[in-house]
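All remarks here apply to the structure that follows.
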Amino acid sequence: KNQVEQSPQSLIILEGKNCTLQCNYTVSPFSNLRWYKQDTGRGPVSLTIMTFSENTKSNGRYTATLDADTKQSSLHITASQLSDSASYICVVSALNDYKLSFGAGTTVTVRA
Amino acid sequence: GAGVSQSPRYKVAKRGQDVALRCDPISGHVSLFWYQQALGQGPEFLTYFQNEAQLDKSGLPSDRFFAERPEGSVSTLKIQRTQQEDSAVYLCASSLEVVAKNIQYFGAGTRLSVL
């Protein structure tokens, strides 16, 4: 069973609107959680990284939250742009482990 | 270079053919990872190098898969006698140090199609 589950699998939003992506994980002991953006045909690019003590982190119009108690994270995209169309992957790493656990990603399509 | 470079970007192979995929990590990065990404899925770990040492190859799906990083820089992932189920995007990532918090920087990947 995958240790990182993401929802929804995909979503379509209109340009300028906001959206929120969800990530639940069971990885333990927890070290950090990252959100990556993967454009079609490209490798994933890191957006944010949060450790146990961090509840929120922003990168421009992207804001990630983390609740380490419930093992949930969200990625909020504000005022979406066409260039936000991509797959967003939640990635969790365990303490003292170089391996990363990847979610299957949420495919976001922004339409004009 | 400024980022992780992978070549070729696309590879079409006939079933049974051997292929070699190349990864040029960011200069000075100690750790190098190979991942396999199926369509619509997140990357799956294949193998990990710390400098030239292959410390973990537990994700390699079969003995047809072989990876090397002889001088601790460029790495090659070789797949022998390719099968249709090997069709995927192969991603390479590097990070500056071994510590788990280090961000992994990904290449654009090699899309392998086995006919």
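Nothing in this text is a laboratory measurement; each read-out follows from the coordinates by a stated rule. Note that this is a predicted model, so its numbers are computed, not measured. Methodologically, a virtual Cβ is constructed for each residue, glycine included, from the backbone with ideal geometry; neighbour enumeration extends over all protein chains shown.
Points worth noting:
- Mean-square fluctuations from a GNM of chain B, with a 10 angstrom spring cutoff on Cα atoms, peak among B:Gln50, B:Gln104, B:Gln41 at B:Gln41.
- Segment A:47-112: trypsin sites (Lys or Arg not before Pro) in DSSP loop, at most 13 other beta carbons within 10 Å: A:Arg61
- Nearby aspartates and glutamates by direct alpha-carbon distance to B:Lys14 (threshold 20 angstrom, same-chain neighbours under 8 apart not counted): B:Asp63, B:Glu85, B:Asp86
- Think of chain B as having a plus end and a minus end, set by charges on the Cβ of Lys, Arg, Asp and Glu; of B:Val12, B:Pro25, B:Gln50, B:Val12 sits farthest toward the positive end of this dipole.
- The convex hull defined by the C-alpha atoms of segment A:6-112 has an orientation-averaged projected area of 6.3 nm².
- Percent of C-alpha pairs per 5 Å bin in the protein assembly as shown, short distances first: 1, 7, 14, 18, 18, 17, 12, 7, 4, 1, 0.
- Inter-part distance where segment A:54-86 and segment B:34-102 are each reduced to a Cα centre, Å: 29
- Here the Gaussian network model covers chain A, with springs between Cα atoms less than 10 Å apart; of A:Gly60, A:Gly41, A:Gly16, A:Gly41 fluctuates the most.
- Isolated cysteines in chain A, defined as those with no second cysteine Cβ under 4.7 Å, comprise A:Cys19.
- Lysine pair count for chain A with Cα-Cα distance under 23 Å and sequence separation of 8 or more or different chains is 10.
- Over segment B:6-68, equivalent-ellipsoid semi-axes from the Cα gyration tensor in Å: 20, 14, 13
- For segment B:43-87, applying the loop criterion from DSSP together with a ceiling of 13 other beta carbons within 10 Å to the GluC sites (Glu not before Pro) yields B:Glu52, B:Glu71.
- Range in chain B, longest, excluding exposed trypsin sites (Lys or Arg not before Pro) [loop by DSSP; at most 16 other beta-carbon atoms within 10 Å]: B:16-56
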